[in-house]
Structure formats: structure tokens, C-alpha cells
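Quick notes on the structure that follows.
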Amino acid sequence: MSMKNTKFTGLFTRKKAVRYLIYVLFVCAFAVFVIKLNQVEKTELVVRTGQTFEKAKVVKILQDNLEENGTRVGEQKVRVRMLTGEELDITSSSGYLFGAACKPGMKVIVMQSVAGDSTVASVYTQDREGVIYIFALIYLLVLCLIGGKQGIKGCLGLVFTFFCVIFVYLPLVYLKYSPFWTAVFVCFITTLVTMYLIGGPTRKTCAATLGTLVGVILAGVSAWCFSKASGISGYNVSDIETLMTLWNTNRIQVGGLLFSGLLISCLGAVMDVAMSISSAIDEIYRQNLSLSRKELFKAGLRVGRDMMGTDSNTLILAFAGSSVSTLLLDYSYNLPYQQIINSNNIGIAIMQGLAGSFGIVLSVPFTVLICTILFHKK
């Protein structure tokens with residue numbers, strides 16, 4: 001009996017070693033792929049020769065621009081100390097997009113432009129880098145503390161997703177690949193890794209991954225159908241004039257960015273639905289192995305229907321919230337309804353909200369079907 005246990009333990013150890021070896025090989029291959037992918041020469045769109053952005057600290061306000069009524073007009077003249085120790089007397093504009101309301105001790109970003117023997121320097125904006133890192137770190141710590149082991153895995157999945165968007169999606173699109181199918185590829189990779197971290201190498205993970213991929217693709221198809229029917233395309237976005245520069249210089253498919261962005265934005269919600277359904281069906285079947293496939297499918301649908309409403313509202317409200325500024329301007333100017341409902345910005349927001357919700361709703365039956373096929377012992 002002990003010999004059998006020893007053989008079993010040895011076999012289990014070897015299988016575990018082989019699994020870890022596969023993980024290491026996958027990570028190494030992916031790392032090589034990312035490194036090679038990011039070795040791309042970018043076309044210089046703006047001449048930045050002699051222009052630098054450096055950190056500095058405000059040490060003195062030489063001339064303030066604060067009015068008695070609390071508003072700021074014109075420019076401030078401030079003295080800043082660079083990281084090198086050099087002190088410069090520069091200006092800071094009072095605009096909302098550039099400049100900052102400087103105070104002694106404030107950390108700022110100084111923009112310097114060198115042209116020949118002359119140097120022009122001004123405050124570009126407040127230095128927010130440290131605040132961004134601190135808040136991101138606090139969020140990750142809270143996620144790990146409250147979520148425990150699963151929170152740590154979710155944290156790793158979140159970091160991996162952000163990494164893929166920056167170092168895989170953007171370079172592939174820049175290299176003229178289709179933004180839509182690039183987004184599908186990135187969604188598949190990030191979903192596979194995130195689901196594996198959360199659920200491990202199980203049928204539940206496989207079902208949730210396939211269900212997420214189906215839901216995301218269906219969201220993209222819904223957006224494409226809406227686009228064809230309404231005449232809205234990726235060329236109707238507000239910053240298309242700037243994006244066309246990328247088309248003229250690098251032939252980047254800027255028209256597909258709208259739909260690829262939709263896939264990435266709805267990925268999290270679809271992933272949540274797919275994993276929740278997979279976990280629920282897995283637990284239902286474990287508790288009652290006598291269920292037929294039809295009964296298991298009906299039980300899964302009942303679970304999925306409870307999730308549809310809230311998750312659909314999440315996406316629609318998210319896209320509606322991003323359009324609040326536009327809606328307020330339309331309301332203030334008392335624009336006619338026909339003008340509002342047929343404008344490009346409103347149409348795009350509606351398309352994004354509805355197409356993403358289509359992906360969530362349609363992912364439910366497909367995920368339930370996949371789970372029924374994979375889980376049932378027959």
C-alpha cells in the first residue's frame with residue numbers, strides 16, 4: 001500500500017513539475033514576443049528636438065495672478081528648483097488644460113524648449129505621477145487584503161490586462177493590423193490568463209473563457225450591424241482629424257478603433273457574467289449529479305437571467321456617464337430633439353452601450369450551453 005502511495009506521489013510530483021515547466025516556457029515565449037513586437041520605429045509626427053519635460057519644485061511666487069474675486073487672470077511668475085538643483089524663473093498660465101495654480105512647495109512639470117541660444121520654459125502642469133502610483137497601489141492592496149488569495153490573483157490578472165493593452169494591442173495596431181481582430185486577440189489572451197489565475201486548469205475556467213470570447217465577439221458584431229444600419233463608423237469620432245494623420249503617415253486603420261475600444265471596454269463585464277455562470281452551474285451539478293443536460297441548461301439560464309439586468313445597466317450607465325458633459329451642453333443650449341438623437345456623439349454612445357449590453361445578454365445562453373456540454377458526465 002505504501003509503495004502505491006509512493007508511486008502516486010511521484011507521478012503527481014512529475015505532473016506538477018511538467019505543468020510548471022509549461023508555464024515557464026509560455027511566459028518566456030510571451031516575453032520574447034512582446035519584446036520583439038515593441039521594437040518598432042515610430043514615424044515622427046511632431047518635431048520635439050530641444051523640448052524636454054522635467055520635474056521641479058516651486059520655491060517662490062514672484063508675481064501672482066489671483067484676483068480679489070478668487071479667479072486667476074493671465075500668468076504667474078514663479079521660481080522653481082529643478083532636480084539638478086538649478087533654479088529658474090518661469091511662467092505658469094491660468095488655463096484649465098495647461099499650467100497650474102502654483103504654491104510654494106508644489107511639485108510641477110516644467111516644459112523647456114531650446115531653440116539656438118534661447119530657452120523658453122513654463123509650467124506644463126502639476127506633477128501627478130506620485131499620486132497616481134499611490135492610489136493604484138492602495139487599490140491593489142485593498143483588493144488583496146479583502147479578496148485574500150483570490151484578490152491577489154485578480155490583482156495579477158488586472159496588471160496583465162493593462163500590460164497587454166499597452167505593450168501588445170497598441171504596437172499591433174500601429175503595425176497596421178486590424179484593430180478589431182487585435183482587440184479580439186488581446187481579449188482572448190487576457191481572459192485566458194485571468195480566468196486561469198482565478199479558477200485554475202478546470203472545465204469551469206475553459207467554459208468561462210469560451211463564454212467570454214463569444215460574448216465579446218457578439219458585442220463587436222452588434223456594433224458593426226448598428227454601424228451599417230445607422231451610418232455611424234469609426235470615422236465619426238470627435239478626434240478623427242487628428243487620427244487621420246496616422247492614416248496618412250502609417251496607414252493605421254483608424255476606422256476600426258471605435259469597435260476595438262468597445263470590445264476592450266465590455267470585456268470586464270462579460271468576463272464577470274461568464275465566470276459567475278460557470279461557477280454557479282459547476283456547483284449546481286456537483287450538488288446533483290443526476291441532473292440531465294436539459295435540466296442543467298434550464299438551471300443555468302435561471303442563474304444567468306438574474307445577472308443580465310444589473311450587468312447591462314453597468315455598461316449602459318458607464319457609457320452614459322462618459323457623455324454627461326455632452327448631454328449637459330445639449331440641455332443648456334436647448335437643442336432640438338432631432339438634432340440631439342441624430343448627432344454622431346450621441347449615436348456612438350448609444351451604440352457602445354447597447355452593443356456592450358448585447359454582448360452580456362447573448363453571452364449568457366452561450367456560456368450556459370458550453371458549461372452544459374463540458375460539465376455533464378455524459
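The values are calculated or read from the model by the stated rules, or taken from the named source; none is laboratory data. Fair warning: this is a prediction, and the values are worked out from it, not measured in the lab. No Cβ is skipped: glycine too gets one built from the backbone with ideal geometry, and neighbour counts run over all protein chains shown. Surface areas here come from the heavy atoms of the whole protein model, side chains and all, with no ligands, DNA or RNA. Shrake-Rupley method; radii C 1.70, N 1.55, O 1.52, S 1.80 Å.
List of remarks:
- Farthest toward positive dipole pole in the chain [+1 Lys/Arg, -1 Asp/Glu at C-beta], among 99, 78, 351: 351
- Coil-residue chymotrypsin sites (Phe, Trp or Tyr not before Pro) of the range 64-155, DSSP, other Cβ within 10 Å capped at 10: 96
- Computed about its Cα centre, the charge dipole of the range 287-358 is approximately 440 debye, with only Lys, Arg, Asp and Glu carrying charge at their Cβ.
- Paramagnetic reach from residue 344 (point 7 Å along Cα→Cβ, amide N under 18 Å) across the range 213-239: 224, 226-239
- Dipole in debye (nearest 20) - the chain, about Cα centre, beta carbon charges: Lys, Arg +1; Asp, Glu -1: 2540
- Take the chain with all the other protein chains still there, run a 1.4 Å probe, and you get 61 Å² of accessible area per residue.
- Straight-line cross-link reach from residue 103 at under 20 Å between alpha-carbon atoms covers these aspartates and glutamates, not counting any fewer than eight positions away in the same chain: 54, 64, 67, 68, 75, 86, 87, 89, 127, 129.
- Selection from 172, 341, 279 lying farthest towards where the dipole of the chain points positive, charges on Cβ: 279
- Given 60/107; 176/228; 55/77, the pairs whose alpha carbons are separated by over 19 Å: 176/228
- Solvent-accessible area of the chain (1.4 angstrom probe, protein heavy atoms only): carbon and sulfur portion equals 65 percent.
- For the range 121-211: Kirkwood Rh in Å [reciprocal of mean 1/r, alpha carbons]: 15.3
- Semi-axis lengths (Å, descending) of the ellipsoid that matches the C-alpha gyration tensor of the chain: 47, 30, 22
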